[in-house]
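Chemist: Attaching a single structure in structure tokens format; questions to follow.
The values are calculated or read from the model by the stated rules, or taken from the named source; none is laboratory data. Please read these numbers as outputs of a predicted model, since none were measured by experiment. A quick note on method: Cβ atoms are made from the backbone with ideal geometry, for glycine too, and the neighbour counts reach across all protein chains shown.
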């Protein structure tokens, strides 16, 4: 068995790595933080809700992992840079970034929910770029020193499919997917792998933020015919991507509930 194969099938293939997870106070981010820590990574968990992060860090510690909580709003570029500086000072810098913070607020475009449009753009696009801008230098440096680094962005199946009333959300996620393809070309030669994960419906707090009546009815109805994905399904995927040998990059991972048609 080669060293790379042994690392892939080890119970702690991420030993020595430092992972930053945004949107870590619930759902996919929370599950991914716990899973990456169980694989050996030291995790820095970022989100706005400090109490939730503290609970997560305590839970990870009780399970034998290492975690640091940093309360931050990713739409605040200066605060994100301060968080990145703290990761560099306390943990030596990140070599794995799971850029996961986001919001979904579907509504018919004719309703002119301008505030909701802007909120999705601010968080799903501008917030994502703030995090990429702050942490990419650490990823490049880590790749040069350790041989590999990973930038994993949470997109959505909506980036590829047509979803009535989800136009703005889908547009922001199409940005994430297309950006990830370009960043892969730019950063791949520097040993930074870039991946976009595009899940279908995942049962998280994302649905709780939906205010549009029609979208809420559709989501509730889908539960009767579709066994939704769970946060840990995505967390397992993130861990798998990061555990692969450097020569392997999964640029686009499309994950759907088995019964969800599109």
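Conditions (1) assigned to a helix (DSSP H, G or I); (2) touching a helix residue (DSSP H, G or I) at 6+ places or on another chain (Cβ under 6 Å), marked per residue:
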position: 153; (1), (2): no, yes
position: 162; (1), (2): no, no
position: 173; (1), (2): yes, yes
position: 189; (1), (2): yes, no
position: 208; (1), (2): yes, no
position: 215; (1), (2): yes, no
position: 220; (1), (2): yes, no
position: 227; (1), (2): no, no
position: 234; (1), (2): yes, yes
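Chemist: Could you identify the single residue in 107, 44, 71, 77 that is within 21 Å of residue 14 (Cβ to Cβ) and in contact (Cβ under 8 Å) with a residue 24 or more places away in the chain? Can you show your working first?
Modeler: Numbers: 107 fails: within 21 Å of residue 14 (Cβ to Cβ); 71 fails: within 21 Å of residue 14 (Cβ to Cβ); 77 fails: within 21 Å of residue 14 (Cβ to Cβ).
Unique residue meeting the criteria: 44.
Chemist: Which number in (1) within 30 Å of residue 41 (Cα to Cα); (2) out of contact with any strand residue (DSSP E or B) (no Cβ under 6 Å at 6 or more places or on another chain); (3) crowded, with 21+ Cβ neighbours inside 10 Å marks the one condition that residue 72 misses?
Modeler: The one condition residue 72 does not meet is (2).
Chemist: Regarding residue 133, is this residue in a helix (DSSP H, G or I), touching a helix residue (DSSP H, G or I) at 6+ places or on another chain (Cβ under 8 Å) and under 26 Å from residue 14 (Cα atoms)? Give the steps one after another, and end with the answer.
Modeler: Numbers: in a helix (DSSP H, G or I): yes; touching a helix residue (DSSP H, G or I) at 6+ places or on another chain (Cβ under 8 Å): yes; under 26 Å from residue 14 (Cα atoms): yes.
Criteria met by residue 133.
Chemist: Mind counting the residues in region 230-262 that are within 25 Å of residue 116 (Cα to Cα) and modelled with pLDDT under 95?
Modeler: Residues meeting the conditions: 1.
Chemist: Of the numbered conditions (1) modelled with pLDDT under 95; (2) within 20 Å of residue 189 (Cβ to Cβ), residue 140 satisfies every one except a single condition; which is it?
Modeler: (1)
Chemist: Take region 139-151 and flag every residue that is under 14 Å from residue 88 (Cβ atoms), surrounded by fewer than 20 Cβ atoms within 10 Å (Cβ to Cβ) and out of contact with any helix residue (DSSP H, G or I) (no Cβ under 8 Å at 6 or more places or on another chain).
Modeler: Selection gives 141, 145.
Chemist: Spot the failing condition for residue 136; the list is (1) crowded, with 18+ Cβ neighbours inside 10 Å; (2) more than 27 Å from residue 246 (Cβ to Cβ), and only one is missed.
Modeler: Unmet for residue 136, out of (1) crowded, with 18+ Cβ neighbours inside 10 Å; (2) more than 27 Å from residue 246 (Cβ to Cβ): (2).
Chemist: When you scan region 170-187, do you find a residue that is within 23 Å of residue 93 (Cβ to Cβ), surrounded by 21 or more Cβ atoms within 10 Å (Cβ to Cβ) and under 16 Å from the mean Cα position of the chain (by Cα), even just one?
Modeler: yes
Chemist: Could I ask something else about it? Specify the residue that is farthest from residue 245 (Cα to Cα); the eligible residues are those in region 139-160 that are under 20 Å from the mean Cα position of the chain (by Cα) and touching a residue at least 60 places away in the same chain (Cβ under 8 Å).
Modeler: 160
Chemist: Could you say whether any residue in region 213-226 is crowded, with 16+ Cβ neighbours inside 10 Å, under 15 Å from the mean Cα position of the chain (by Cα) and farther than 15 Å from residue 100 by Cβ?
Modeler: no
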